[in-house]
1. For residues in the range B:19-43 being near DNA strand D (Cβ under 8 Å from one of its atoms) and of a type in the set (S, T, N, Q), which is farthest from the other protein chains (Cβ to nearest Cβ)?
2. Report the residue count in the range A:2-18 for those that are within 14 Å of chain B (Cβ to nearest Cβ) and near DNA strand D (Cβ under 6 Å from one of its atoms).
3. Would you say B:T291 is touching a residue at least 12 places away in the same chain (Cβ under 8 Å), in contact with a Lys or Arg (Cβ under 7 Å, 6 or more places away or on another chain) and not in a loop (DSSP other than H, G, I, E, B)?
4. Kindly indicate whether any position in the range A:46-64 is under 20 Å from the mean Cα position of the chain (by Cα) and at the interface with chain B (Cβ under 9 Å from one of its Cβ atoms).
5. Scan the range B:90-109 for residues that are assigned to a loop (DSSP other than H, G, I, E, B) and of a type in the set (A, V, I, L, M, F, W, C) and jot them down.
6. Mind listing whichever residues of the range A:254-277 are free of Cβ contacts under 8 Å to residues at least 60 places away in the same chain and crowded, with 16+ Cβ neighbours inside 10 Å?
7. I'd like to know if the range B:171-184 contains one or more residues that are more than 15 Å from the chain's Cα centre (by Cα), crowded, with 24+ Cβ neighbours inside 10 Å and either not assigned by the TED database to the domain that holds B:W216 or not in a helix (DSSP H, G or I) (or both).
8. So which residues in the range B:235-252 are assigned to a helix (DSSP H, G or I) and farther than 17 Å from B:T328 by Cβ?
Protein chains: 2
Amino acid sequence: MTVTIKDIAETANVSIATVSRVLADKEGFYSEKTATKVRQTAEKLGYRKNTAAVELVTQRSQVIGVIVSATKTNFANDIIAGIQDEAFKHNLSVIILYAGESDVDQQHRALQTVIERSVMGILILAIRPADADIAMLRAANIPHVFLSTSFDSQQLPFIGSDDFRIGYQATDFLIKKGHKKIGIAAIDRHSYIGTQRILGFQRAMADHDLPTKPEWIQDGKFTYDDGVEAMTTYGAQTELDAVIGTSDLAAIGVMNQAVAFGLSVPDDLAIMSIDGTQMVKIVRPQITSVTQSFYKMGNRGMKMMLQRDMDKFESQYTPFRIDERDST
Amino acid sequence: MTVTIKDIAETANVSIATVSRVLADKEGFYSEKTATKVRQTAEKLGYRKNTAAVELVTQRSQVIGVIVSATKTNFANDIIAGIQDEAFKHNLSVIILYAGESDVDQQHRALQTVIERSVMGILILAIRPADADIAMLRAANIPHVFLSTSFDSQQLPFIGSDDFRIGYQATDFLIKKGHKKIGIAAIDRHSYIGTQRILGFQRAMADHDLPTKPEWIQDGKFTYDDGVEAMTTYGAQTELDAVIGTSDLAAIGVMNQAVAFGLSVPDDLAIMSIDGTQMVKIVRPQITSVTQSFYKMGNRGMKMMLQRDMDKFESQYTPFRIDERDST
DNA sequence: CTGAAAGCGCTTACAG
DNA sequence: CTGAAAGCGCTTACAG
């Protein structure tokens, strides 16, 4: 039914070894004459390479596995684009698996799938797996990099933003605009990213001798609803004069609720977001953002993967910048 | 280096056949006693199944290939979620490949990749491949379904919305709200979807004896910028009293430009969008939308795939509804 | 430049 | 319930 190199070999009157060489472009191992004959026969017969066989015999696949937090699809798309473009250049396929950010089961299965598939590399976006899964990942001996996260430990290679500096600079930016009472909304204290941003925020406030109150920091998981909720908690009469939303959607949630309260942005309340995806440009007023280099994270992640040697992987921060728009 | 079933067989003192059966849960083919021994040994040795070998010998993969238009990431995420959830239930992996909507080269390579990988099914989102590629797809004899598109021909199985009815009902909705001069923005006349929506629009206008002008229909590719451009062309003094944006982003583009012109939405100009993703809820005013069932498209697409027999594939429309919000 | 042969890791009739 | 053996489609030393 399906045509194999054996079929080609027979009709072209050569050995399967030769067919294999020609089709894999092992230059120098065949004459142009046979090559042409083989290629034409392959074409005529409608031959398709069997990837499973190739991967079995070569012991490595041309596949990159990407595990994505299902709830982070907003910026994940940019990271994936960065991965995809680089993968495309090197003729690599990309398997994408979605897993809930806190669904350990799904994460485990996703990881297991890519490992059993012997992918050549694993990229993990915005997820911090359970310790058992991290152990499994290491045991598998497959190069892997964490994207859009960072860790305190140097053990796990990551490419992300320096979240302490993000927190610091966002706050500093607002302070320099004259704000003194600044909230930070929808932040996950249980994540390393969250704690780093809070530390940065607090340091910036302290550096300017500004006091803070615990309730200015509102917990959440970076979602739109968390943003709305944070603003609801701050209330219409809030003493705050600025709020940092810890994601674009969170910031938009804050803004919509603020406006619903009758507050004017930025006059009554300045709003800033962290991420800087397309979102912040399509709302009105457009939101000033700390813009992260998501595309670059994906791109660099792939390039790191290509080195193959995990020992050489070095965690790194991608640059970010502040884009001032109309909400501050 | 990597441990295989042979290693397990040796240390557990059974044949590889038995190991294979136990690990594949071929019940009835082994005693619980051996099973336990085998499983423990596998665990102890840190065994990982080699998917390439399995796929080679079983002649079929547990992978679904999804080819996505890179520019449609907005609603594609919902479709993918629908695919992913169903795939997860059946223990299938999903390979996602992005390809430019009009980048024939990328499309060809993406298709080739999934075919060579002998995936068990191919789902194509919002892309209409070149004829040559469609021929290749068919020759590959792999079940495939087109999602979020429709065709005039019955040859290609698709799951999408009835775009004629979408165009008709959106227009009809606005007319019943009292609007008489309605524009349709950022629509691609060269796509089947585009022409269908336009036909629906025209039919609805005709059914209500309302005249239309050609310039009320503004070309585009469903993007935000196309929406802005369409509104710019209509102008601040436009005679239109309502505009249908042919995607959420396009509608937001229209709205932002209208507001920039000093028009009030919905009083001076009513705006409606087609898609109904999260986008329309985070902008102010929230936009009334024709809401498509993207998740369901993905889900049904996967279920269709699972039947495996392409002859039974029947193109179908997923439901849509109108969600009234504040822009009309 | 070309071919015969071994082997990648697994599954599955077939025989017991 | 278990094992020996064939075979999936390909690559790659090795020998010529």
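The values are calculated or read from the model by the stated rules, or taken from the named source; none is laboratory data. Please read all numbers here as calculations on a predicted model, not as lab measurements. We place every Cβ from the backbone using ideal geometry, glycine too, and count neighbours over all the protein chains shown. Please note that ligands, DNA and RNA were not included when accessible areas were found on the heavy atoms of the full protein model with its side chains. Shrake-Rupley method; radii C 1.70, N 1.55, O 1.52, S 1.80 Å.
1. B:S31
2. Residues in the range A:2-18 being within 14 Å of chain B (Cβ to nearest Cβ) and near DNA strand D (Cβ under 6 Å from one of its atoms): 3 in total.
3. The answer is yes for B:T291.
4. yes
5. Scanning the range B:90-109 gives a single hit, B:L92.
6. Matches in the range A:254-277: A:N256, A:Q257, A:A258, A:V259, A:F261, A:L263, A:L269, A:I271, A:S273, A:G276.
7. yes
8. Scanning the range B:235-252 gives a single hit, B:L249.
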